[in-house]
1. Please give the strands (runs of 3 or more DSSP E) falling wholly within segment 13-112 in which 2 or more residues are under 16 Å from the mean Cα position of the chain (by Cα), surrounded by fewer than 16 Cβ atoms within 10 Å (Cβ to Cβ) and not acidic (Asp, Glu).
2. Return yes when residue 127 is β-branched (Val, Ile, Thr), at pLDDT 95 or above and in contact with an Asp or Glu (Cβ under 9 Å, 6 or more places away or on another chain) and no when it is not.
3. So, residue 191, is that one touching a Phe, Trp or Tyr at 6+ places or on another chain (Cβ under 8 Å), in contact (Cβ under 8 Å) with a residue 12 or more places away in the chain, more than 30 Å from residue 116 (Cα to Cα) and not β-branched (Val, Ile, Thr) or not?
4. Name the pairs: first residue in segment 24-43 and within 10 Å of residue 95 (Cα to Cα), second residue basic (Lys, Arg) and crowded, with 19+ Cβ neighbours inside 10 Å, Cβ to Cβ under 9 Å, at least 6 apart or on different chains?
5. Quick one: what pairs do we get from segment 149-172, first residue surrounded by 16 or more Cβ atoms within 10 Å (Cβ to Cβ), second outside any strand (DSSP E or B) and aliphatic (A, V, I, L, M), C-beta under 7 Å, 6+ apart or different chains?
6. Looking at segment 114-124 only, could you name the residues that are touching a residue at least 60 places away in the same chain (Cβ under 8 Å) and surrounded by fewer than 17 Cβ atoms within 10 Å (Cβ to Cβ)?
7. Is segment 198-212 home to any residue that is without any contact (Cβ under 8 Å) to a residue 40 or more places away in the chain, farther than 29 Å from residue 78 by Cβ and of a type outside the set (Phe, Trp, Tyr)?
8. Take the residues in segment 205-234 that are at pLDDT 95 or above and not in a strand (DSSP E or B), then tell me which one is surrounded by the most Cβ atoms within 10 Å (Cβ to Cβ).
Amino acid sequence: MAQVETYPKNSFKINLSSLALKNYNFTYERSLARKVSFVAGYRSMPSTNLGQISFVNKALDRMDNTSLKDDLDQITTSNKTYTGEFRFYGGKHAGARGIYLSLYGRYSKFNVDYDYAYSTENKDYAIPISSSLKGLGGGLMIGAQWLIAKRVTFDWYVIGAHYGSLKGDATGIADLSSMTNEEKADLKDDFEGKVSIADKNYFRADVSNNGITAKPDAPFIGIRGLGFNLGIAF
């Protein structure tokens, strides 16, 4: 008679790497078949000033980018992310162990506040920008998981990426009635240039006497990797 394989079918894990970015990331994994599982993940980042994150500060010090650091000091953000994924494991051991391929979907909601300062020849303007963004996408990830003790699991996100759509809006209320039309056009260009890569702007802004309104013009792109998770298997 063939011996019945027994293995933990559930695990609850915390992402240790995300703590360096002041993110709290938890996952629950449930085996659906011998080498197939489903994972539900939740990540939360409380309202945080990006310039005050020690990991970010160390990276900026190495880059010696004072301008970027000044911008990050003006940004406060929070987010919540929900992830669902199916994992397909390789290897001879039964259960959620070995190298795996993950097919996942992700929904994220971000709130970002930016103390935007702009100056013309005659006046300085303080324009507090508040934005709410929502991203929905899907992607692939490669990882590996080990049962390092009878009830302890270690899950390593090696590398992955997702792509989807990003929606939302940004508003900055300020009295700009003293600006000329040319100054408003310059303000629009400056603001849109704050979020740009390779000369492509990812926000489309409108400037009026009452302030700035903007919407994202960008895909929802993200990378998952170098994630180290420790958990309990049962």
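1. 36-49, 75-89
2. For residue 127, the condition - β-branched (Val, Ile, Thr), at pLDDT 95 or above and in contact with an Asp or Glu (Cβ under 9 Å, 6 or more places away or on another chain) - is met.
3. The answer is no for residue 191.
4. Listed pairs, sorted by first residue: 35/87; 35/97; 36/87; 37/87.
5. Close Cβ pairs satisfying both conditions: 166/218.
6. The answer is 120, and nothing else.
7. Within segment 198-212, one or more residues are without any contact (Cβ under 8 Å) to a residue 40 or more places away in the chain, farther than 29 Å from residue 78 by Cβ and of a type outside the set (Phe, Trp, Tyr).
8. Only one residue tops the list, namely 210.
The values are calculated or read from the model by the stated rules, or taken from the named source; none is laboratory data. All values reported here derive from a predicted model rather than from experimental measurement. A quick note on method: Cβ atoms are made from the backbone with ideal geometry, for glycine too, and the neighbour counts reach across all protein chains shown.
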